[in-house]
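*Asks:* Got a structure for you, questions after.
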Amino acid sequence: MAVTRTFSIIKPDATRRNLTGGVTKMLEEAGLRVVASKRIHMTREQAEGFYAVHKERPFFGELCDFMISGPVVVQVLEGEDAVKRNRDVMGATNPADAAEGTIRKTYAESIEANTVHGSDSEENAKIEIDYFFKPEEIVG
Ligand code: CMP
């Protein structure tokens, strides 16, 4: 299995509850390595651009409000089959559906305040990594 990269966001509900370390520990224990990380407060423009694919969805406005409601930690994660590995440890989008032992089952408050974002494909991982990181900020 090839070593690949994915993109992760530790969302405002998690930074507010001081869970950056707890979430990162679960990512690392799942076999993912943090090869880039920065704590930022997204602008509305950044959030709307990042979630542009969802702009027709009814929850788009609230999603962007939430994502700029506090700091987030954007990360590049590396590991074997990183996109799938990360999605497995994150668990289902809605924490009510997430399996035991996943990040969202452990920490998420709601479908919106669901603690983490992770890329859904290798193609989107590349786009999302480029959205927040310069190549020299990623140190594998
Ligand atoms: P994320 O992986 O960051 O991608 C889009 C986000 O929209 C998703 O996680 C959820 O947190 C958020 N969201 C809010 N409401 C909904 C909803 N009804 N269905 C799907 N996603 C939702």
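The values are calculated or read from the model by the stated rules, or taken from the named source; none is laboratory data. The structure presented is a predicted model; accordingly, all values stated were derived computationally and were not measured. For neighbour counting, all protein chains shown are included, and Cβ atoms are generated from backbone atoms with ideal geometry for every residue, glycine included.
*Asks:* Can you tell me which residue among GLY140, GLY49, GLY91 is modelled with pLDDT under 95 and not aromatic (Phe, Trp, Tyr)?
*Replies:* Details: GLY49 fails: modelled with pLDDT under 95; GLY91 fails: modelled with pLDDT under 95.
Going through GLY140, GLY49, GLY91 in turn, just one is modelled with pLDDT under 95 and not aromatic (Phe, Trp, Tyr): GLY140.
*Asks:* Tally time: how many residues in segment 111-140 are outside any loop (DSSP other than H, G, I, E, B) and either near the ligand (Cβ under 10 Å from one of its atoms) or surrounded by 18 or more Cβ atoms within 10 Å (Cβ to Cβ) (or both)?
*Replies:* Of all residues in segment 111-140, those outside any loop (DSSP other than H, G, I, E, B) come to 116-118, 122-132, 135-137.
Keeping just the survivors that are either near the ligand (Cβ under 10 Å from one of its atoms) or surrounded by 18 or more Cβ atoms within 10 Å (Cβ to Cβ) (or both) gives 116-118, 125, 128-129, 132.
Within segment 111-140, residues that are outside any loop (DSSP other than H, G, I, E, B) and either near the ligand (Cβ under 10 Å from one of its atoms) or surrounded by 18 or more Cβ atoms within 10 Å (Cβ to Cβ) (or both) number 7.
*Asks:* A follow-up question, please. Output the number of residues of segment 89-110 satisfying the condition of being assigned to a helix (DSSP H, G or I), in contact (Cβ under 8 Å) with a residue 24 or more places away in the chain and not aliphatic (A, V, I, L, M).
*Replies:* So the first thing to find is which residues in segment 89-110 are assigned to a helix (DSSP H, G or I), and the list is 89-90, 95-97, 103-107.
Cutting the leftovers down to in contact (Cβ under 8 Å) with a residue 24 or more places away in the chain gives us 89-90, 103, 106-107.
Filter once more, keeping what is not aliphatic (A, V, I, L, M): 106-107.
Result for segment 89-110: 2.
*Asks:* Identify, from the list GLY70, GLY49, GLY79, the residue that is buried (at least 16 other Cβ atoms within 10 Å of the Cβ) and either in a strand (DSSP E or B) or touching a residue at least 40 places away in the same chain (Cβ under 8 Å) (or both).
*Replies:* Numbers: GLY70 fails: buried (at least 16 other Cβ atoms within 10 Å of the Cβ); GLY49 fails: buried (at least 16 other Cβ atoms within 10 Å of the Cβ).
Going through GLY70, GLY49, GLY79 in turn, the sole match is GLY79.
*Asks:* Tell me, which residue of segment 40-59 that is over 20 Å from ALA14 (Cα atoms) and of a type in the set (Lys, Arg) is nearest to the ligand (Cβ to nearest atom)?
*Replies:* Step by step, filter segment 40-59, then rank; the result is ARG57.
*Asks:* In segment 68-96, what residues are more than 11 Å from the ligand (Cβ to nearest atom) and either acidic (Asp, Glu) or in contact with a His (Cβ under 8 Å, 6 or more places away or on another chain) (or both)?
*Replies:* Across segment 68-96, the qualifying residues are ILE68, GLY70, PRO71, GLU78, GLU80, ASP81, ASP88.
*Asks:* Can you tell which of ASP65, ASP13 is surrounded by 17 or more Cβ atoms within 10 Å (Cβ to Cβ), within 16 Å of the ligand (Cβ to nearest atom) and among the charged types (D, E, K, R)?
*Replies:* Just one listed residue meets the conditions, ASP13.
*Asks:* Identify, from the list MET26, MET42, the residue that is part of a loop (DSSP other than H, G, I, E, B), modelled with pLDDT of 95 or more and buried (at least 18 other Cβ atoms within 10 Å of the Cβ).
*Replies:* On the way: MET26 fails: part of a loop (DSSP other than H, G, I, E, B).
Of MET26, MET42, the one residue that is part of a loop (DSSP other than H, G, I, E, B), modelled with pLDDT of 95 or more and buried (at least 18 other Cβ atoms within 10 Å of the Cβ) is MET42.
*Asks:* Could you identify the single residue in VAL35, VAL73 that is under 12 Å from the mean Cα position of the chain (by Cα), under 21 Å from ILE138 (Cβ atoms) and not charged (D, E, K, R)? First the steps, then the outcome.
*Replies:* Working: VAL35 fails: under 12 Å from the mean Cα position of the chain (by Cα).
Testing whether each residue is under 12 Å from the mean Cα position of the chain (by Cα), under 21 Å from ILE138 (Cβ atoms) and not charged (D, E, K, R) leaves just VAL73.
*Asks:* Within segment 2-35, can you find the residues that are touching a strand residue (DSSP E or B) at 6+ places or on another chain (Cβ under 6 Å), over 17 Å from PHE132 (Cβ atoms) and among the small types (Gly, Ala, Ser)?
*Replies:* Within segment 2-35, GLY31 is the sole residue that qualifies.
*Asks:* Just to verify a result, which residue in segment 1-10, among those that are over 17 Å from GLU109 (Cα atoms) and out of contact with any Leu (no Cβ under 6 Å at 6 or more places or on another chain), is surrounded by the most Cβ atoms within 10 Å (Cβ to Cβ)? Can you show your working first?
*Replies:* In the first step, residues of segment 1-10 are kept if they are over 17 Å from GLU109 (Cα atoms); the result is 1-8.
Narrowing further to those that are out of contact with any Leu (no Cβ under 6 Å at 6 or more places or on another chain): 1-5, 7.
Working: MET1: 9, ALA2: 7, VAL3: 11, THR4: 17, ARG5: 22, PHE7: 26.
Selected residue: PHE7.
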